[in-house]
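The values are calculated or read from the model by the stated rules, or taken from the named source; none is laboratory data. Computed from a prediction, not measured in an experiment: that's the story for all the values here. Cβ placement follows ideal geometry from the backbone for every residue including glycine, while neighbour counts extend to all protein chains displayed. All accessible areas refer to the heavy atoms of the entire protein, side chains included, with ligands and DNA or RNA removed. Shrake-Rupley method; radii C 1.70, N 1.55, O 1.52, S 1.80 Å.
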Amino acid sequence: MSERAYRERLEADLTRWQAEGLLPPKSADAIRATLRPVPEGITIATVVGIVGGLLIAAAFLAFIAANWTAIARPLRFAILLAGIVGAYGAGALFDRAERTHLADLSAGVGSIIFGAAIALVGQMYHLGDDFAGGLLLWASGALAAAALTGSHSALAVALAAGCAWSGMRIDETANVHPPFAIFSLIGAMLALAWNTAASRHLIAVAALAGAVLAGFGMVQGRIGSPNFTVVAIVSLMVGAGLLLTTRRGVAVRAFGLTLSTYGAFGLAIGLAGVIAEILRPVTPNLPYLSLGIAAVAIISAFAAAVAAQRAGPVLAALSITGALVVASGLIPTAAGEEPWLSYALALSAMLCLVVSGMLDDVRPRIVAGWLGLAATIAAVTWAVQGSLLRRAVFLAVAGLVAVALASLLGRMIGRGRR
Amino acid sequence: MIGVLRTLLSSIPRPIFFALAALIQVVLVGLMVYDRVRVLREGSEVTLQTRPVDPRDLLRGDYVVLTYDITNLPAGDLKDTPSQGRGTPVFVKLARKGDFYEAVSVHAAPVPVADGEVLIRGRATGGANCGSTHRLFCERLHVNYGIERYFVPQDEGKAIERSRNEGQVSVVASVAPSGRAAIKRLLLGGKPVYDEPKF
């Protein structure tokens, strides 16, 4: 719930309770006094100002581009540097005037101009060799700017450039790219320090991108099963995220919640992708690193259950375990038969994810679980070849088992209440 | 400790942080240029003969694609030795033969060179993924030296590419002691057409 929506709901509740005589006026005022002032959102004037600024910047760039080759090289270089300095100068001025959103945006624009400067200097001085190195430079500079100025847009630029850098290195070297994990961890530390929703979401998206990139690295390098690697990394996001939600510190708990939620969505889509055989493993090897990540993911989820004394993380751990077993491809299947056991395990894993979300009262995880169930059923429908009758029988049996389980649970919960 | 750091950081005016961010990025861009200028100023000059490129390659934007006689070479002693896969750094020893420098041998690490020889650093973009593990050097290597692109003013590239494919284009490269190379001069029929300024 956004801060503004919470304040509106709280105000409505306080007014209602006062009217019903449940809350004395002094208590209501005392509650209001404990709340921090609502941070000013983006106003219409700010939006119009941003559009104006972007148009001026675009006009400036178009003018420079039209006359670029006619300008002497040292002057071109000076223009690029002036662009960087100008953007950050504007950011400093906005920051002093407490226009934080504009200051944030200015730092982001400065980071984009920095990236353009790298590309143009590369062109001017014929540095066409190492594109990935240029992207690393861009990502590093933008990350430094984000750390210094607290700019979310600079962080977004850094993470996007970082993902492009990693993708390019994977393509160049035909191998996985572990340095991206270190880069992401630095970004994660920033998100923890800032404790803002935007930064948490950015890091979580980058982590998902990292999982996909690792899968492609496995394919390119023919090192091991890409399916298992992707599912292991998103499982780690779920497990480690759940463990972080049991720690002290509001920032750490919030970060853990966001990470585990994105991991849950990654798990749902990744598992469906495994069932639909989107990425066919060139080799079925399960590298030690992937196995290690998977183990840490499961242990973390169980550790979260012990620390929080809740059943939700236990079911999340079971969900992770089921998904990893399916992705490993280790379940034996008779020749000519469909992997019915794998399909059943995938559906069970997603059901566990839904129930885990319900027990922890985390709606996004419930949604992820439902999405995973739907995607897995669609993937099973897609993947099954041959007899449609067998597919119908499988889905009917799975449905009957779920209904039977629901009745049993209903009776157990009813008995527990009595 | 963290509390002390927070107090210290909060005492610094915020515009300083913006200035520092700008300074870092300006320095990084400046280092790119400084690095290139250093190679051009301090490197040994070698003249390399270009080779025709597949005529189906189009001029990409405003740059000319260049390949050299030293681009495709036999791996020699490196054959069947371990590599890091595509992009493995290699060092090629060049010696002067007539008007141009030609490849003498390829090495996985820098080696001493005699008078008149130059060691140039490149990356094996092909021929480094042989064997069952795809991590051995093959019989022949395709090596990139970072001098395969030359940006030219618009509309001037096609004439250069035609001449390149007729074998008339050669390049004077500056090779630093570290092995890194930069294009110093583009020659057409032996005559300079493009000269890299010092800065």
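Hey, what number do you get for chain B at 222 nm if only DSSP H runs of n ≥ 4 count, each worth -39500 (n - 2.57), divided across all residues, to the nearest 500? Let's see the in-between values first.
Working: 3 runs with 48 residues, N = 199.
Mean residue ellipticity at 222 nm (helix-derived): -8000 deg cm²/dmol.
Lysine pairs in segment B:44-195 8 or more apart or on different chains: how many have alpha carbons under 24 angstrom apart?
On the way: B:K79/B:K93; B:K93/B:K184; B:K97/B:K184; B:K97/B:K191; B:K158/B:K184; B:K158/B:K191.
Lysine pairs meeting the criterion: 6.
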* Quickly rank A:144-154, A:305-315, A:20-30 as a protection proxy: mean count of other C-beta atoms within 10 Å, highest first. => A:144-154, A:305-315, A:20-30
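Please state the relative contact order of chain B as a whole percent: Cα pairs under 8 Å, 6+ residues apart? Don't jump to the answer; show the numbers that get you there.
Numbers: 384 pairs, mean separation 52.2, N = 199.
RCO, chain B: 26 percent.
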* To do: Report, in degrees rounded to the nearest 10, the 0 to 90 angle that the Cα long axis of helix A:363-383 makes with the longest principal axis of chain A.
  => 70
* **With Cα atoms, 0 to 90° folded angle of helix A:250-275 axis to chain A main axis** => 60
* Structure fact -> Taking B:25-38, A:79-92 and ranking on average Cβ neighbours within 10 Å, highest first, one gets A:79-92, B:25-38
* Structure fact -> Excluding ligands, DNA and RNA, the carbon-plus-sulfur percentage of the accessible area of the protein assembly as shown with a 1.4 Å probe reads 66
* C-alpha center-to-center spacing [segment B:1-30, segment A:230-306] in angstrom -> 35
* Structure fact -> From the Cα centre of segment A:142-189 to that of segment A:326-350, the distance in Å is 36
* Alpha carbons only, please: Rg and Dmax for segment A:60-214, in angstrom. => 16.5, 49
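What shape does segment A:122-270 have by the C-alpha gyration tensor, where a ≥ b ≥ c are the square roots of the eigenvalues, rounded means a/c under 1.5, and otherwise prolate means a/b greater than b/c and oblate the rest?
On the way: a/c = 2.91, a/b = 1.21, b/c = 2.41.
Oblate shape, in that a/c is at least 1.5 and b/c is the bigger or equal ratio.
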* **Value of [θ]222 nm, deg cm²/dmol, for chain A, DSSP H segments ≥ 4, -39500 (n - 2.57) each, nearest 500** => -28000 deg cm²/dmol
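Enter the accessible area per residue of the protein assembly as shown (Å², integer; probe 1.4 Å; all protein chains in place). Intermediate results must be reported in sequence, preceding the final value.
Numbers: 31740 Å² over 617 residues.
On a per-residue basis, 51 Å².
Buried accessible area for the B:A pair, summed, 1.4 Å probe, in Å² rounded to 100?
3500
For segment B:44-195, what class follows from the C-alpha gyration tensor (a ≥ b ≥ c being the square roots of its eigenvalues): rounded when a/c is under 1.5, otherwise prolate if a/b is larger than b/c, else oblate? It would help to have the intermediate numbers written out before the result.
On the way: a/c = 2.24, a/b = 1.45, b/c = 1.54.
Cα axes put segment B:44-195 in the oblate bin.
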* Structure fact -> Given all pairs of distinct Cα atoms, the protein assembly as shown yields a Kirkwood Rh in Å of 28.6
* Structure fact -> Scoring only Lys, Arg, Asp and Glu (+1, +1, -1, -1) among other residues with Cβ under 15 Å from the Cβ of A:V314 yields +1
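Before anything else, pin down the relative contact order of chain A: Cα pairs under 8 Å, at least 6 apart, normalised by residue count, whole percent. Before the final figure, lay out each step's value.
On the way: 527 pairs, mean separation 39.9, N = 418.
Reported relative contact order: 10 percent.
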* Size of electric dipole in chain A: Cβ of Lys, Arg +1 and of Asp, Glu -1, about Cα centre, debye, nearest 20 -> 1000
* Between the helical axis of A:25-34 and the dominant principal axis of chain A, each derived from Cα atoms, what acute angle in degrees is found, rounded to the nearest 10? -> 60
* In nm, to one decimal, how far is the A:A72 label point from the B:V27 one, both placed 7 Å along Cα→Cβ? -> 2.8
